[in-house]
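Asker: My questions all concern the structure below.
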Amino acid sequence: MTTKQFPKGFLWGAATSAPQTEGHSLENGKSKTTWDYWYETSPEKFNDAQGPKNTSNLYEMYAEDCKRMQEIGLNSYRTSIAWARLLPDGKTVNEEAVAFYRDYFKKIKENGVAPIINLFHFDMPMWLMEKGGWEARESVAAFAFYAKTAFELFGDLVTDWTTFNEPIVHVEMGYLYGYHYPAIVDFKKAVQVGYHTLLAHAAAVKEFRAVLPTGKIGIILNITPTYTRSTDYADQKAGVASDLLNTKSFLDPAVHGKVSQELIDLLAENQLTPKTKEHDKELLQNTVDFIGLNYYHPHRVKAPQNPAVPAKMPEDLYEPYDWPEKRINPYRGWEIYPEALYDVAMMMKNEYNNLPWFVSENGMGVADEERFMDEKGMIQDDYRIEFMVEHLNYLHKGIEAGSNCFGYHTWTFIDCWSWLNGYRNRYGFYRVDLEDHYKRSLKKSGLWFKEVSQNNGYTDASST
Ligand code: BG6
C-alpha cells in the first residue's frame, strides 16, 4: 500500500462542453450548429435517434448542478461557451446567453469551484459552415471576434480560458473519416481546415493578451501518444509521421510558436501544403500559458503496406497496429494503457519546456450502467475508480519525476450526450436518467473522487 500525494493546489475536477450538456439547443436565441443541422437531415446516424436538442438539460438545471460540483469535491471545472448561443449570427450578442453564462459561472464559483472556460468544442455555427466553415480563411477573424467578445463579457468572472477542445478531432472526423459534418474525405482540405483552426487559436490568444493581460490561456489537445510496432526503420518512420500529424501539429505551435520544419516537409512531400499568408508566422508566435491534454488511449502504428505516394489518407503514412497484448474497454473499443500518462508527462517535461499542463480529460465510457445499480439506486462503478487510480498512479510517477502537471480532470461530471453515440456510453460521476426528467443520481465514483480531492491524493492498495 502506498500513499500518492499530489502537489499543493492540484486541480481535481471534471470537464464537459456546452453542446453535450446544455440542451435548449434551438431555444433562448441560440442559432443552429452543424450538429443541429446534421440531426435534422440525417437522424439515422445518431445512436437511438438521440440528437443535440435536449442533451442533459443543464440550461434549466445548472444551479443545482453547481451544488453537485461541491458535493463531490470538485475544485475546478471545465465547460465551454456555445458560439452559436452567444453570437447567433456571428455579430450580435444574445443578451439571454450573456445572462445565462454569467449566472452559471457565478454559481460555479459560489460553490468553491474554479471555472476553466473553453470556446470551441466541435460546435461549428451553421451560419459559418454555410460560408465554408474552417475551410474558409474568414473563419479565423470570425473566431477571433467571438473570442474577444467572450473575454470582454466574462473576463471579470473567469481568469482561465482555453481556445479549442481537441482541434485535430474536427479535422479528422469532419474531413477524413466521416463522423462529423460535413463528412468530407479529403486529406488536403483536412490540412487546410487544421491550419485555419491553428490560426484561429493563435488569433484568440492575441485578443486575450489585449483584453485580459493578467489571465491565463491555453488549448486542450487530445493526446494519443504513438507507439510503433518495432524499432525497424519503416515502423519508426510511420511513428514519426503519426506524431507530427496527431500530436505535434498543434502542440508545437501552441508552445513553441511555430510549426515544426519536419511537419512542413512531410506536408510538402505529400502535396498537402496549406495556403498561407505572409503574416501567419507572426500570428503563430502567440503562445499559451498552459496546455490541457485529454488522454484516453494510445496510438499504435506500423509501416503502411501499400501506401499511395503522395499520401491520399493518413493511412498511407502509418497504419494502425493491433498490439496483441492490448487491454480494451469493450464499450468504447479504446485500448486502456495508463502507462502512457507517464510518457506524456516526460514528453511535456523534456520537449515542451516543462510548461504547466494538466490532464484535461480522462475517463471510461460504459454502456448499460444500470446493471451496476444497487438497491439504493447508486451505480457501483468500481471499474471507473480502478481505471482512474491506474491512470493517476502513472501521472503521479511523472510528477515525481519533475513534470509540471497541475491537475487531473475527468470526463465527465454528469453523464452527457456524446455526438453520434448519444447516451450509449456513460462517463459521469452522476447518472442522468433520461426516463425521469434528466434526474441526476450520484455514482460510487463521485464519493471516491470527493475523498481523493479532500486528501489531495489517495492510498493505492494495489501498489507496494
Ligand atoms: C473527448 C471529447 O474526445 O472524448 C468529448 O472532448 C467526448 O467531447 C469524450 O465526449 C468521450 O468520447 P466519446 O466519443 O465516447 O463521447
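Asker: With unit charges on the beta carbon (Lys/Arg positive, Asp/Glu negative), name the residue among M347, H297, A190 whose Cα is farthest towards the positive pole of the charge dipole of the chain.
Answerer: Working it through, the farthest residue towards the positive pole turns out to be M347.
Asker: Measure off 7 Å from each Cα along the Cα-to-Cβ vector at D322 and D156, then give the distance between these two points in nanometres to one decimal.
Answerer: For the pair D322/D156, the computed spacing is 5.9 nm.
Asker: Roughly how big is the chain's charge dipole about its Cα centre, with Cβ charges of +1 (Lys, Arg) and -1 (Asp, Glu), in debye to the nearest 20?
Answerer: In debye, rounded to 20, the chain gives about 720.
Asker: A further question on this structure: Hey, which of these cross-link pairs are over 32 Å Cα-Cα: K8/K302; K8/K106; K109/K258; K248/K397; K277/K312; K32/K148?
Answerer: Exceeds cut-off: K8/K302; K109/K258.
Asker: Taking the inverse of the average 1/r across all pairs of different Cα atoms in the chain, what Kirkwood radius in Å do you get?
Answerer: Result for the chain stands at 22.5 Å.
Asker: Would you list, by chain and number, the lysines whose Cα falls below 17 Å from the Cα of K30, excluding same-chain residues fewer than 8 positions away?
Answerer: Those lysines meeting the cut-off are K53, K91.
Asker: By how many nm would the segment from D232 to M373 grow when fully extended, if each residue of separation counts as 0.36 nm and the alpha-carbon distance is taken off?
Answerer: 45.9 nm
Asker: Continuing with this model, one more query. Mind checking the full-extension length gain between E435 and T214? Use 0.36 nm per residue of separation minus the Cα-Cα distance, one decimal, nm.
Answerer: 75.0 nm
Asker: State the antiparallel share, in %, of DSSP beta bridges confined to the chain, rounding to the nearest 5.
Answerer: The answer is about 30 percent antiparallel.
Asker: Hey, another quick one. Charges on Cβ only, +1 for Lys and Arg, -1 for Asp and Glu, centred on the Cα centroid of the chain; of P307, Y59, A200, which one is farthest towards the dipole's positive end?
Answerer: Among P307, Y59, A200, the one farthest towards the positive end of the dipole of the chain is A200.
Asker: In which sequence would I116, I336, I217, I184 go, from the one with the fewest C-beta neighbours within 10 Å to the one with the most?
Answerer: So the ranking, lowest neighbour count to highest, is I184, I336, I217, I116.
Asker: Give me the lysines in straight-line cross-link reach of K444: C-alpha distance below 24 Å, same-chain residues under 8 apart excluded.
Answerer: Counting by Cα, and skipping residues close in sequence, K444 has these lysines nearby: K4, K67, K376.
Asker: Would you mind pulling out the separation of the Cα centroids of the range 255-298 and the range 1-27, in Å?
Answerer: Each part reduced to its Cα centre gives a spacing of 27 Å.
Asker: Right, another one. Could you please rank H396, H24, placing first whichever residue has the fewest other Cβ atoms within 10 Å of its Cβ?
Answerer: Final ranking by Cβ density, sparse to dense: H24, H396.
Asker: Still on this structure, I have one more. Placing +1 on the Cβ of each Lys and Arg and -1 on the Cβ of each Asp and Glu in the chain, which of W419, Q70, V93 has its Cα farthest towards the positive end of the resulting dipole?
Answerer: Towards the positive end, the residue furthest out is V93.
Asker: Quick one: if the Förster radius is 25 Å, what FRET efficiency do F145 and K106 give, using the C-beta to C-beta distance and rounding to 0.05?
Answerer: Efficiency, from the Cβ-Cβ distance: 0.50.
Asker: As a test of the formula, what do you get for the chain when each DSSP H run with n ≥ 4 contributes -39,500 (n - 2.57) and the sum is divided by the residue count, at 222 nm and rounded to the nearest 500 deg cm²/dmol?
Answerer: -11500 deg cm²/dmol
Asker: Would you mind pulling out the separation of the Cα centroids of the range 383-448 and the range 168-247, in Å?
Answerer: Answer, in whole Å: 24.
Asker: In what order do E22, E335, E390, E435 fall by count of nearby beta-carbon atoms within 10 Å, going from fewest to most?
Answerer: Arranged by neighbour count, lowest to highest, E22, E335, E390, E435 become E435, E390, E335, E22.
Just so you know, all these numbers are worked out from the coordinates, no wet-lab data involved. Everything quoted here is computed from the prediction, not taken from an experiment. Note: ideal-geometry Cβ built from the backbone for every residue, glycine included; neighbour counts use all protein chains shown.
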